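What follows is a set of notes on a single structure, which appears directly below.
Read-outs throughout are calculated quantities, based only on the coordinates presented, and are distinct from any laboratory measurement. Keep in mind that what you see is a predicted model, and the values were worked out from it rather than measured. Backbone-built Cβ (ideal geometry, glycine too); neighbour counts: all protein chains shown.
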Amino acid sequence: MKRVIFDCDNTMGIPGRDVDDGLALLYLLGRDDIDVVGVTTTHGNSTIQDVSRATSMLRDDLRLDIPVFTGAGSPSDVDTEAARFLVDKARELDGKLTVLATGSMTNLKAAQRLDPGFLARVNQIVIMGGVVRPLIVCGKPMAELNFACDPEAAHLVLQAPVPVMVAESHLCLPAFFGEAEWGRLCGTQSALFSYVCRKIERWYHGMGGFCMWDLVAALFVTAPELYESRLWVLESTIDDLKTGLLRLKPADRGSGTDQSTPGIIDLPDCIRDLDEFKSNVFEAWKKAAQRVQVQDVVGR
């Protein structure tokens, strides 16, 4: 079983804000092979106050026995309860901790500053973020919102001396939550599914569907075989990462480099089977529905 800290900028339930972090957490909760040892919040989709409030509300609404730690509200926040928790868990689990990071990378930067051995103690870092070319969504340019929040932190984490996987924005675009997924979610009789429908309906209807960005990273933690993986050498500077730009060259597999070499990242070319991807998501959500107790929060 993988021990996971989910480092996120969850805003599910906040009007006009994205919902994918919350859906990724529900996916993790439904997996038999995942132990979510804690959730750390960071800036990104909104302010740290909004993110922490939304995440604590999600935990309380579902009566989850998972600690939530408030993290960085800006790139300069380096001594937070989230950073201290990351350091403590990495030491405790020593080589057995996976970090799933789906917001800014500031908490990981802060943990590394508190403990220069932090990144080396992590078993795996899985990230959602970055672009390899301009990102166009529904015919409109879209700014990268994770690495660009704290490019210094992104540069540090991408060069960690452990396996690093990046769910780059274009990899995520085909994982679209549309009419079929909405019908499948809201047509399933369970307290959790009804709760999720209420939480995401304004975002879904306002956007006409949405990309399941952070779920793409979450599924790599549990089912990497669904991805066409490829190793790259990171050549991005901190200036590049101010726009989230990933400058890469193919890794030379014959040179002795591997995924633990600093600057080598796994950036998959594609999701092999989108139907299987979505099937995995819904199966995990169904299991999560059997495990959580949803409070009566109609109207909230």
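Observations on the structure shown:
- DSSP beta bridges fully contained in segment 2-291 are about 30 percent antiparallel.
- Spacing of the two label points (7 Å from each Cα toward its C-beta) at residue 65 and residue 120, in nm: 3.6 nm
- Under Karplus coefficients 6.51, -1.76 and 1.60, residue-wise ³J(HN,Hα) of segment 79-86 in Hz, glycine/proline x: 10, 10, 5, 5, 5, 5, 5, 4
- Neighbour counting of Cβ atoms within 10 Å sorts the residues 286, 249, fewest neighbours leading, into 249, 286.
- Karplus-based coupling profile of segment 23-34, in residue order and whole Hz: 5, 5, 5, 4, 4, 4, 5, x, 9, 6, 9, 10, with θ = phi - 60° in 6.51 cos²θ - 1.76 cosθ + 1.60 and x standing for Gly or Pro.
- Among residues other than residue 23 with Cβ under 11 Å from its Cβ, the summed charge is -4 (Lys and Arg +1, Asp and Glu -1).
- Percent of beta bridges antiparallel (DSSP, segment 1-145, rounded to nearest 5): 10 percent
- Entries of 140/278; 2/96; 140/242 with Cα pairs more than 18 Å apart: 140/278; 140/242
- Here is how the number arises for the chain: DSSP H runs of 4 or more residues each give -39500 (n - 2.57), the sum is divided by the residue count, and the result at 222 nm is -11500 deg cm²/dmol.
- ³J(HN,Hα) computed for each position of segment 167-173 - Karplus, 6.51 cos²θ - 1.76 cosθ + 1.60, integer Hz, glycine/proline x: 8, 5, 3, 5, 4, 7, 3
- Order by protection proxy (mean Cβ within 10 Å, highest first), peptides 104-110, 137-143, 94-100: 104-110, 94-100, 137-143
- For the peptides 113-123, 144-154, 181-191, 43-53, the ranking by packing is 144-154, 43-53, 113-123, 181-191, with the highest mean count of neighbouring Cβ atoms within 10 Å listed first.
- Long-range HN-HN contacts of residue 40 with modeled amide H, under 5 Å: 6, 7, 8, 69
- Choice from 196, 126, 221 showing the highest fluctuation, given a GNM over the chain with Cα pairs closer than 10 Å: 196
- Counting all C-alpha pairs of segment 4-94, share separated by more than 15 Å (%): 57 percent
- Treating r as the C-beta distance of residue 286 and residue 152 and R0 as 41 Å, the FRET efficiency rounds to 0.50.
- Taking a Cβ cut-off of under 13 Å around residue 135, the surrounding Lys, Arg, Asp and Glu residues balance to a net charge of 0, with basic ones at +1 and acidic ones at -1.
- Modelled this way, with points 7 Å down the Cα-to-C-beta line, the labels at residue 202 and residue 81 are 2.7 nm from one another.
- Result for the chain in a Gaussian network model with C-alpha springs under 10 Å: among 23, 215, 135, the largest mean-square fluctuation is at 135.
- Gain on full stretching of the segment that runs from residue 238 to residue 32 - 0.36 nm per residue minus C-alpha separation: 70.4 nm
- Two-site FRET efficiency, residue 252 against residue 140, from Cβ-Cβ distance with R₀ of 51 Å, rounded to 0.05: 0.85
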